[in-house]
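See structure below.
The values are calculated or read from the model by the stated rules, or taken from the named source; none is laboratory data. In this text, all values refer to a predicted model and were calculated from it rather than measured experimentally. Methodologically, a virtual Cβ is constructed for each residue, glycine included, from the backbone with ideal geometry; neighbour enumeration extends over all protein chains shown.
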Amino acid sequence: MSRAITRGIPSSFTRALTAARLDSPIDVTLARAHHAIYRDALSAMGAAIDLLDPDEAYPDCVFVEDTAVVAARLALIARPGAESRRGETAAIANVLAGHCEIARMTAPATLDGGDCMRVGTTIYVGRSGRTNSAGVAALAAAFAPRGFRIVALELPPNVLHLKCICSPLGDDRILLADDSIPAEQFTGLEIIRVPQAETYAANAVAIGAHVLVAAEFPQTHDVLARAGFTLHLVPTTEVRKADGSLTCQSIVF
Ligand code: CIR
């Protein structure tokens, strides 16, 4: 059974990091309601949910994906690229220690889990404003000995994380936004395309034949339904104001 680690939304979420121009402030009550829908959907998809308490000192702590990379029973605790987020990792490492072996990375390495996409035995990692070459090297040092191939990709400067433009749909296919990065980099994978106008929805969480997808993007819903998935729609209006999406709200393993 899959397990999903999640973390609640602090009242300080209104101060989360963002590059988005906000038409309206984050509604924390609504964001928490959406988070509950998210957890219920993951549960309906067959995952056992861990819900950690939020920490008011960390406005972005709901975005647990960035704090660790988990595969083959190894959890590499990240050193997030944003300094204000580094303290988020301690609580996550504590929980993961109950399930996995723990590895850590040290300065100058920085890496956000949102830049890491495991597909089968390959981990694609985006070099971004958050993830540097030392972070990529730390990822390789942790996972190459476990049989994973590490493929580093360069991200356009306007892309926060690799998984803002693509996400895994099982072990041999991915969802990829049109006009984002070259599809040829994903050798041997089936690519399911999201129209450029719905780039945000290229970030989806798949478990088996179920997929959790942003509620506001109908063309992507059609694409995923045609690919044979059962859809679980989750509203994203509030997390989007904090540059967040769906994969970033859980660590699934
Ligand atoms: C940040 O800028 O770090 C957060 N406000 C958003 C992080 C979203 N994480 C992700 O997509 N993996």
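Only one of Leu22, Leu17 is at pLDDT below 95 and either closer than 16 Å to Lys241 by Cα or of a type in the set (D, E, K, R) (or both); which?
Result of the check over Leu22, Leu17: Leu22.
Looking only at segment 137-163, filter to residues that are out of contact with any strand residue (DSSP E or B) (no Cβ under 8 Å at 6 or more places or on another chain) and within 16 Å of the ligand (Cβ to nearest atom); which one of those is modelled with the highest pLDDT?
Leu160
Restricting to segment 234-253, and then to whatever is outside any strand (DSSP E or B) and either among the β-branched types (Val, Ile, Thr) or away from the ligand (no atom under 11 Å from the Cβ) (or both), can you tell me which residue is nearest to Ile192 (Cα to Cα)?
Checking each candidate, the answer is Thr247.
If you scan segment 1-27, which residues turn out to be in a helix (DSSP H, G or I) and touching a residue at least 60 places away in the same chain (Cβ under 8 Å)?
Within segment 1-27, Phe13 is the sole residue that qualifies.
Evaluate the following for Leu212: is it in a strand (DSSP E or B) and closer than 26 Å to Leu51 by Cβ?
yes
Would you call Ile150 part of a strand (DSSP E or B), within 27 Å of Leu76 (Cβ to Cβ) and β-branched (Val, Ile, Thr)?
yes
Using beta carbons and a limit of 7 Å, which pairs, at least six apart or on different chains, have the first residue in segment 44-64 and touching a residue at least 24 places away in the same chain (Cβ under 8 Å) and within 15 Å of Ile26 (Cβ to Cβ) and the second one among the polar types (S, T, N, Q) and buried (at least 20 other Cβ atoms within 10 Å of the Cβ)?
Taking only residues 6 or more apart or on different chains, the pairs are Val62/Gln249; Phe63/Gln249.
Out of curiosity, is Ala93 away from the ligand (no atom under 15 Å from the Cβ) and assigned to a helix (DSSP H, G or I)?
yes
How many of the residues making up segment 96-118 are within 13 Å of the ligand (Cβ to nearest atom), touching a Pro at 6+ places or on another chain (Cβ under 9 Å) and in contact (Cβ under 8 Å) with a residue 40 or more places away in the chain?
Going through segment 96-118 one residue at a time, the tally reaches 4.
List the residue pairs whose Cβ atoms are under 7 Å apart, where the first residue sits in segment 67-85 and is assigned to a helix (DSSP H, G or I), the second is within 10 Å of the ligand (Cβ to nearest atom), and the two are 6 or more positions apart or on different chains.
Thr67/Pro80; Thr67/Glu88; Thr67/Gly113; Ser84/Leu17; Arg85/Asp60; Arg85/Asp66
Using the structure shown, decide if Ser167 is within 16 Å of the ligand (Cβ to nearest atom) and without any contact (Cβ under 8 Å) to a residue 40 or more places away in the chain.
no
Per-residue answers, yes or no, for (1) over 19 Å from Glu65 (Cα atoms); (2) without any contact (Cβ under 8 Å) to a residue 24 or more places away in the chain; (3) more than 16 Å from the ligand (Cβ to nearest atom); (4) loosely packed, with under 13 Cβ neighbours inside 10 Å:
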site: Glu190; (1), (2), (3), (4): yes, yes, yes, yes
site: Val194; (1), (2), (3), (4): yes, no, no, no
site: Thr220; (1), (2), (3), (4): yes, no, yes, no
site: His232; (1), (2), (3), (4): yes, no, yes, no
